[in-house]
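Rule-based calculations on the coordinates, nothing more; no lab input. Predicted model only: the values in this text are computed from it and were never measured. Counting neighbours? That spans all protein chains shown, and the Cβs are built from the backbone with ideal geometry, glycine included.
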Amino acid sequence: MKLNRQTDQRIVIAISGGIAAYKTVGVIRELQKRGYRDIETILTANGARFVTPVTLSAITGNIPYADTFEAGRALSHISLVQPCGILAVVPATADIIAKFACGIADDFLSTAYLACTGPVLAAPSMNAEMYRHATTLRNLEQLKKDGVHVLDPDSGYLACGTEGPGRMPDAEIVADVIEHVLHRHIGGPLSGRKVVIASGGTAEPIDPVRTITNRSTGRMGKALATAFSLAGASVEIVTGIGNARYPAYCRQTIAETASEMLNAVIEKATDADIIVMAAAVADYTPATVLREKKKKDENNLHLELKPTTDILKTLGTQYEGKKILVGFAAETSNVEDHAKKKLTEKKADLIVGNLVGVPDSGFGAESSRAVLVQKGEISDSYDKIEKEQLAFCIVEKVVAMLESRQ
Ligand code: CTP
């Protein structure tokens, strides 16, 4: 089975008349960056006051739908959304939310909503008082009962100059949620499965100022979180340090040190089916953490270290044959041999050996030079593969392993 983003699905983005409409163009661009090509738009009459049809035509290549009675587009409020991967209303104003909640169908969007056979997402955005109004909240509750996915607005500084809930989340977050709802609706081979992904690097404190750390950014962990959740799994991320922004719909626990990561992973692993140790965990930590900043002292250049617990090995001993365990081997040479050795030593089901320390592979790189090791043998080898693509290949292996165990 070949797993990937379902980029051939039609995404219909509807824009109603709120100031956050200017951000919607960014959402469309973000979805395009992720490979979605069949993107259509609906503009309400007031939406068109904020974003013009020309803008939407230019970025999607398709003329937006605005008028139910437009010549040459008869019945398009039906054909556009039957079938469609998702109808996402970004932003959703109090007015369109009220129409949806009551079944009022008096323009293109409200009729398309009733005709839509795919999942619907609404991203409310408005003044904080309008959002908090009992009527709006009641209508949103009704939408949820009717099966509409609601992306709660952020709190923060609003265009009207006040602070409070009503701000549309950033484009990447909205795109995350659109993808998530779309793929949940399609259903993936890992539906009902839970995966724990440890990602990023750890930082072992020496004193209140300094740490021992590594160059991991969490990029591979982010790619894995995306691939596993788009395959239907519920994803729990345990992250150390790094600058990766994980998909908005994944649960996240921060664990900065090797010992915090051990505790968090062990706790989250109890009800997981799959555990992926993509984190660069420190092998040694300072024997004692100084309370005060260590002063410059040329006569004392010694730092005493003690070993940390190997998390993957601990999991291997406890869960061998019971859960799927995936580890990484970050190597500067002899990747295949080291990966094979780690597979056996850590009792893992799959080790992803990858080259580090070169520009196109390893920490922070977009791509990876990698091998997959299973049952003592190299099963796959990639001269150069995008980390996102590698993540989907890993998910495919995990799906096959789960199937073979049933
Ligand atoms: N790992 C772990 N706990 C540790 C160290 C590593 O769970 N304390 C995991 C990593 O997350 C990875 C695998 O073990 O999945 C291999 O990590 P790596 O750093 O490549 O190797 P080490 O086992 O630390 O050995 P070495 O540093 O000697 O290569």
At LYS341 and THR314, where each label point lies 7 Å from the Cα along Cα→Cβ, what is the point-to-point distance in nanometres? 2.3
At a temperature of 10 °C and a viscosity of 1.306 mPa s, determine how fast segment 23-134 diffuses translationally according to Stokes-Einstein, using the Kirkwood radius over alpha-carbon pairs as Rh; express D in µm²/s, rounded to the nearest whole number. 108
So which GluC sites (Glu not before Pro) in segment 1-100 pass both tests, a DSSP loop state and at most 11 other Cβ atoms within 10 Å of the Cβ? none
On C-alpha positions alone, give me the angle between the axis of helix 171-186 and the longest principal axis of the chain, in degrees, nearest 10. 90
Taking every C-alpha to C-alpha distance in the chain and binning by 10 Å from 0, the per-bin percentages run 5, 20, 26, 20, 17, 9, 2, 0, 0
Let me know the Rg and Dmax you get for segment 162-263 when you use only its Cα atoms, in Å. 15.9, 50
Between ARG215 and HIS302, what length comes free when the chain is fully extended (0.36 nm per residue of separation minus the Cα-Cα distance, one decimal in nm)? 29.0 nm
Listed residue pairs exceeding 31 Å between alpha carbons, taken from LYS295/LYS346; LYS342/LYS384; LYS306/LYS397: LYS295/LYS346; LYS306/LYS397
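How much FRET efficiency would the formula 1/(1 + (r/R0)^6) give for ALA287 and SER333, where r is the Cβ-Cβ distance and R0 is 30 Å, rounded to 0.05?
Efficiency for this residue pair is about 0.50.
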Straight distance only, please: which aspartates and glutamates reach the Cα of LYS268 with their own Cα at less than 17 Å, same-chain residues fewer than 8 apart left out? GLU236, GLU256, GLU260, ASP310, GLU320
Between LYS294 and ARG405, with labels modelled 7 Å along Cα→Cβ, what's the label distance in nm to one decimal, could you check? 4.2
DSSP loop (so not H, G, I, E, B), at most 14 other Cβ within 10 Å: list which GluC sites (Glu not before Pro) in segment 233-296 pass both filters. GLU292
Residue-normalised 222 nm signal for the chain, counting each DSSP H run of n ≥ 4 as -39,500 (n - 2.57), nearest 500 deg cm²/dmol, is -10500 deg cm²/dmol
FRET efficiency for VAL358 and ASP152, Cβ-Cβ distance as r, R0 = 41 Å, nearest 0.05? 0.45
In the structure displayed, which of LYS144/LYS323; LYS313/LYS387; LYS322/LYS347; LYS293/LYS313 lie more than 23 Å apart, Cα to Cα? LYS144/LYS323; LYS313/LYS387; LYS293/LYS313
Just to confirm the number: angle between the C-alpha axis of helix 258-269 and the first principal axis of the chain, 0 to 90 degrees, nearest 10? 60
